[in-house]
Amino acid sequence: MAEKKTYERPVVTKHQSGIMNKFGSGPSTSVRDNIDGVLIKDLAGKFGSPLFVLSEKTIRQNQRNAYRVFKNRYPRVQFAWSYKTNYLDAVCSVFHQEGSWAEVVSEFEYRKARALGIPGEHIIFNGPEKSIEALRTAIREGAMIHIDHFDELYHIVELTDTETLKARVAIRVNMDVGVYPLWDRFGFNYENGEAWQAIKRIVANPRLSLIGLHTHIGTYMMSAEAYRVAASKLAGLAKSMHDEFSITLDYIDVGGGFASQNTLIGQYLPAEEVVPSLEQYADAIASGLFQLSIKPEDLPTLILETGRALIDNAGYLITTVIANKRLSTGRRAIIVDAGVNLMFTSFWYKHKVQPAQQPSVHTEDAVIYGPLCMNIDVLRDGIVLPTLKQGDRLVLNHVGAYNMTQWMQFITMRPNVVMVMEDGTVELIRKAETLEYLAQQEVLPARLKEKKSR
């Protein structure tokens, strides 16, 4: 007896015939059945679904290419891996093996870098919140402390004075680079003279060694010219310091913020058509720094805190179809087992989504929902996909940045994370959470353990 097929309400959809018709070109759906040669079905079969997958080969290629691009344009270049972008130990270790220092924005991240064996002198300590104890440790260990505000400067002055220490410091500078709104909540302002005032106060203190200048002009910056403006303004400050105080800086840190190949929600053209290339960013920064009119041997090292652009395309999320349904409008909804608690970047990116198995011929507009009991749990809206059945896999691309640091344990627990190594093997780099893991931090008062009698 033939198996009875599941009933689905019919719906009228637009079909394309051939390459082009009056409705435009027909949609095409590419399949991703493997990551670096390892089959999706094998990854999900062994490690479960949802599953984050990172590519060691892609990370190393990205870092080596970025170093080559900048080194070709400026004589001294040093990368510092941005821990907040993805601070899994395995990810950080790959970047450190490729020569990157550590850039951290909290005491937690600082301790993580030290636990991975990064010496203090190779740690850049950014961020507006640094406890007294964290500052004391960073000063003693020779870290590069980037001062964010005057209150922090006063803490450092007091620490170095009372404990007879000498601190290696830089200041973070915010400025108008022609991109708005301004990122002026961090650091000292360039235009109103606040940055120069901070420089003079530091130079006047013999226990503070001013070794660098730092800026971070924004995130997902789609203007290379903004970096030229920023670099030229920092070069101007460095020149003034050289002329007035005979100070030659060790480095100028232009931060991060380079855009990746993810397309922003609301952006009409795909990212690859509008995002500047790494070469354009490098040309702009180098041209700004070369306005520093000093001897070539005195040029400061260029430090880059690049995060998103080096890791986004190395990350994937494998998810499984739970169900299909029709919304009241007749539109197809696909429910999968990964929600926005794991994919925070779904709120601002149109992630590329690919089926992991050979798709059907029929495609239609759909919305992909996660499993959370929230109406905002949308992974992709307005995406053309083939018909999918329960148990089919989907792969979300370019998810390596921020999702594994901003994820939340909410309704569902965080899944396994694996790395496909250069030799084709697969290593578990973060275990899936369990109820026991989550409950170990909870304390149930004794009186609440007592059962009341009715």
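The values are calculated or read from the model by the stated rules, or taken from the named source; none is laboratory data. Values in this document were obtained by computation on a predicted structure and should not be read as measured data. All Cβ positions, even for glycine, are placed from backbone atoms using ideal geometry, and neighbour counts span all protein chains on display.
Please determine, by comparing only the residues of the range 386-407 that are modelled with pLDDT of 95 or more and among the aliphatic types (A, V, I, L, M), which one is nearest to the chain's Cα centre (by Cα).
ALA401
Residue by residue, here is whether (1) surrounded by 13 or more Cβ atoms within 10 Å (Cβ to Cβ); (2) among the β-branched types (Val, Ile, Thr) holds:
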position	(1), (2)
TYR349	yes, no
MET374	yes, no
ARG380	yes, no
GLN390	no, no
LEU394	yes, no
VAL418	yes, yes
ARG430	yes, no
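Can you tell me which residues in the range 92-112 are more than 20 Å from ASN62 (Cβ to Cβ) and not acidic (Asp, Glu)?
Answer for the range 92-112, where residues must be more than 20 Å from ASN62 (Cβ to Cβ) and not acidic (Asp, Glu): VAL104, VAL105, SER106, PHE108, TYR110, ARG111, LYS112.
Kindly indicate which of THR306, THR320 is within 30 Å of ASP250 (Cα to Cα) and in contact (Cβ under 8 Å) with a residue 24 or more places away in the chain.
Testing whether each residue is within 30 Å of ASP250 (Cα to Cα) and in contact (Cβ under 8 Å) with a residue 24 or more places away in the chain leaves just THR306.
TYR227 passes all but one of (1) surrounded by 17 or more Cβ atoms within 10 Å (Cβ to Cβ); (2) aromatic (Phe, Trp, Tyr); (3) assigned to a loop (DSSP other than H, G, I, E, B); which number fails?
Every listed condition holds for TYR227 apart from (3).
Restricting the search to the range 161-181, which residues are within 19 Å of GLU107 (Cα to Cα) and in contact with a Leu (Cβ under 7 Å, 6 or more places away or on another chain)?
ALA167, VAL169, ALA170, ILE171 - these are the residues of the range 161-181 that are within 19 Å of GLU107 (Cα to Cα) and in contact with a Leu (Cβ under 7 Å, 6 or more places away or on another chain).
For residues in the range 186-219 being touching a helix residue (DSSP H, G or I) at 6+ places or on another chain (Cβ under 7 Å) and among the hydroxyl-bearing types (Ser, Thr, Tyr), which is surrounded by the fewest Cβ atoms within 10 Å (Cβ to Cβ)?
Checking each candidate, the answer is TYR190.
Which of the following residues is among the charged types (D, E, K, R), surrounded by fewer than 19 Cβ atoms within 10 Å (Cβ to Cβ) and free of Cβ contacts under 8 Å to residues at least 40 places away in the same chain: GLU279, GLU272?
GLU272
Scan the range 270-318 for residues that are of a type in the set (Val, Ile, Thr) and either touching a helix residue (DSSP H, G or I) at 6+ places or on another chain (Cβ under 7 Å) or assigned to a loop (DSSP other than H, G, I, E, B) (or both) and jot them down.
VAL275, ILE285, ILE294, THR306, ILE311, ILE318
Can you give me the number of residues within the range 295-317 that are touching a Lys or Arg at 6+ places or on another chain (Cβ under 7 Å), surrounded by fewer than 21 Cβ atoms within 10 Å (Cβ to Cβ) and not hydroxyl-bearing (Ser, Thr, Tyr)?
Qualifying residue count, the range 295-317: 1.
Could you check the range 323-372 and list, in sequence order, the residues that are free of Cβ contacts under 8 Å to residues at least 40 places away in the same chain, within 29 Å of LYS46 (Cβ to Cβ) and of a type outside the set (A, V, I, L, M)?
SER346, SER360, TYR369, GLY370
For the range 130-175, give me each residue that is within 21 Å of GLN197 (Cβ to Cβ), among the β-branched types (Val, Ile, Thr) and over 29 Å from the mean Cα position of the chain (by Cα).
ILE156, VAL157, THR160
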